[in-house]
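To keep things clear, I will list the structure first and then write my remarks on it.
The values are calculated or read from the model by the stated rules, or taken from the named source; none is laboratory data. Remember, predicted model here, so these are calculated numbers, not experimental data. Here the Cβ positions follow ideal geometry from the backbone for every residue, glycine too, while neighbour counts run over all protein chains shown.
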Amino acid sequence: MSHHQARKRFGQNFLTDDGVIADIVRAIDPRPGEAMVEIGPGLMAMTQPLVERLGALTVIELDRDLAARLRKHPQLQVVESDVLKVDFAQFPAGVRVVGNLPYNISSPILFHLLPYADRIRDQHFMLQKEVVDRMAATPDKGDYGRLSVMLQWRYDIEPLFDVPPESFDPPPKVMSAIVRMTPWKTPAAVEVALLSELVQVAFSQRRKLLRHTLGRWLEARGFAGDFSVQRRAEEVSVAEYIGLAQALLS
């Protein structure tokens with residue numbers, strides 16, 4: 001499947017390094033008959049070895065030309081759509097999700113998948129290394145933020161390995177990385193919209209003490225519980241943010 005011009009507006013960078021592809025497939029460890037969905041199959045660099053092991057694979061592709069090519073493959077079920085519009089509840093429970101995500105919309109895709117986490121067995125994604133670092137970051141790390149808190153509440157996040165720019169055509173300007181996301185079997189019970197808003201407010205001015213942001217927000221809600229706002233957002237653990245969201249509803 002050659003001679004396809006990468007399209008900037010779709011954030012297309014095609015993986016071409018066979019060694020890296022083999023490493024990714026080994027990390028995913030696909031087994032015959034497993035239900036799997038690949039986001040952005042592109043030129044089938046990962047699709048081909050995956051479908052050979054699975055027997056069948058569902059792919060989500062926005063690019064009309066690529067979707068037409070993919071439909072010629074008898075073992076592929078092609079969903080021609082923007083992934084942000086796809087309802088993942090249509091796939092079997094326990095589905096596995098993989099993909100080389102377009103870097104320009106990787107965070108929206110991760111948030112789009114959040115509500116479906118109870119139906120998904122695991123997710124393996126290629127992302128910008130900087131995004132993977134943010135996803136896995138712990139408090140007091142400069143890259144710890146809203147993405148870290150919201151994803152770590154719902155998943156065990158495991159960065160696997162880095163992928164250099166020369167593994168792609170065209171090469172991106174950044175280092176990439178593979179991450180494994182495994183949904184927690186019993187995540188902390190929390191109202192997601194509330195946790196999301198709380199965390200967003202907390203990190204809205206990350207250099208300031210929380211009393212300027214989250215403190216005022218809590219005051220407006222009449223919260224009189226025990227939570228220190230004399231620190232910065234990045235000093236508060238995921239568990240504390242979850243505990244605060246739960247306390248607001250109790």
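Would you be able to say whether some residue in the stretch 72-85 is polar (S, T, N, Q), in a helix (DSSP H, G or I), within 21 Å of the chain's Cα centre (by Cα) and assigned by TED's automatic domain parsing to the domain that holds Met126?
Looking for residues that are polar (S, T, N, Q), in a helix (DSSP H, G or I), within 21 Å of the chain's Cα centre (by Cα) and assigned by TED's automatic domain parsing to the domain that holds Met126, one finds none in the stretch 72-85, hence no.
Could you look through the stretch 153-175, keep only residues that are under 19 Å from the mean Cα position of the chain (by Cα) and under 16 Å from Asp18 (Cβ atoms), and pick out the one that is surrounded by the most Cβ atoms within 10 Å (Cβ to Cβ)?
For the stretch 153-175, the residue satisfying everything is Val163.
Starting from residues that are under 25 Å from Ser250 (Cβ atoms), in contact with a helix residue (DSSP H, G or I) (Cβ under 9 Å, 6 or more places away or on another chain) and of a type outside the set (Val, Ile, Thr), keep the ones in the stretch 208-223 and report whichever is surrounded by the fewest Cβ atoms within 10 Å (Cβ to Cβ).
Arg221
Whether any residue in the stretch 44-61 is in contact (Cβ under 8 Å) with a residue 24 or more places away in the chain, in the same structural domain as Phe111 (by TED's automatic domain parsing) and at positive phi is what I want to check.
Scanning the stretch 44-61 turns up at least one residue that is in contact (Cβ under 8 Å) with a residue 24 or more places away in the chain, in the same structural domain as Phe111 (by TED's automatic domain parsing) and at positive phi.
Would you mind stating whether Ala233 is in contact with a Lys or Arg (Cβ under 6 Å, 6 or more places away or on another chain) and either of a type in the set (A, V, I, L, M, F, W, C) or surrounded by 18 or more Cβ atoms within 10 Å (Cβ to Cβ) (or both)?
Yes, satisfied.
Pick out the one residue from Gln205, Gln200 that is under 20 Å from Arg134 (Cα atoms), surrounded by fewer than 21 Cβ atoms within 10 Å (Cβ to Cβ) and in contact with a Ser or Thr (Cβ under 9 Å, 6 or more places away or on another chain).
From the options Gln205, Gln200, the qualifying one is Gln205.
Please determine whether any residue of the stretch 185-193 is more than 20 Å from Lys141 (Cβ to Cβ), under 26 Å from the mean Cα position of the chain (by Cα) and assigned to a helix (DSSP H, G or I).
Within the stretch 185-193, one or more residues are more than 20 Å from Lys141 (Cβ to Cβ), under 26 Å from the mean Cα position of the chain (by Cα) and assigned to a helix (DSSP H, G or I).
Run Val199 past the list (1) β-branched (Val, Ile, Thr); (2) farther than 23 Å from Asn104 by Cα; (3) not assigned by TED's automatic domain parsing to the domain that holds Pro108 and report the number of the one that doesn't hold.
Exception for Val199: condition (2).
Please name all residue pairs, on different chains or six or more residues apart, with Cβ atoms under 9 Å, provided the first residue is in the stretch 174-187 and is more than 14 Å from Tyr116 (Cβ to Cβ) and outside the structural domain of Ser106 (by TED's automatic domain parsing) and the second residue is surrounded by fewer than 14 Cβ atoms within 10 Å (Cβ to Cβ) and modelled with pLDDT under 95.
Pairs that qualify, where the first residue is more than 14 Å from Tyr116 (Cβ to Cβ) and outside the structural domain of Ser106 (by TED's automatic domain parsing) and the partner is surrounded by fewer than 14 Cβ atoms within 10 Å (Cβ to Cβ) and modelled with pLDDT under 95: there are none.
Quick check on this structure: which one of Val20, Val37, Val25, Val97 is crowded, with 16+ Cβ neighbours inside 10 Å, more than 19 Å from the chain's Cα centre (by Cα) and not acidic (Asp, Glu)?
After applying the criteria, what remains is Val20.
State all residues of the stretch 73-108 that are closer than 26 Å to Val20 by Cβ and out of contact with any strand residue (DSSP E or B) (no Cβ under 7 Å at 6 or more places or on another chain); if no residue qualifies, say none.
Answer for the stretch 73-108, where residues must be closer than 26 Å to Val20 by Cβ and out of contact with any strand residue (DSSP E or B) (no Cβ under 7 Å at 6 or more places or on another chain): His73, Pro102, Asn104, Ile105, Ser107, Pro108.
Answer with yes or no whether Val179 is at pLDDT below 95 and β-branched (Val, Ile, Thr).
Spelling it out, it is not the case that Val179 is at pLDDT below 95 and β-branched (Val, Ile, Thr).
Where the second residue is crowded, with 18+ Cβ neighbours inside 10 Å and in a helix (DSSP H, G or I) and the first is of a type in the set (D, E, K, R) and lies in the stretch 230-250, which pairs have Cβ atoms under 7 Å and are six or more apart or on separate chains?
If the second residue must be crowded, with 18+ Cβ neighbours inside 10 Å and in a helix (DSSP H, G or I), the pairs left are Arg231/Leu210; Arg232/Leu210.
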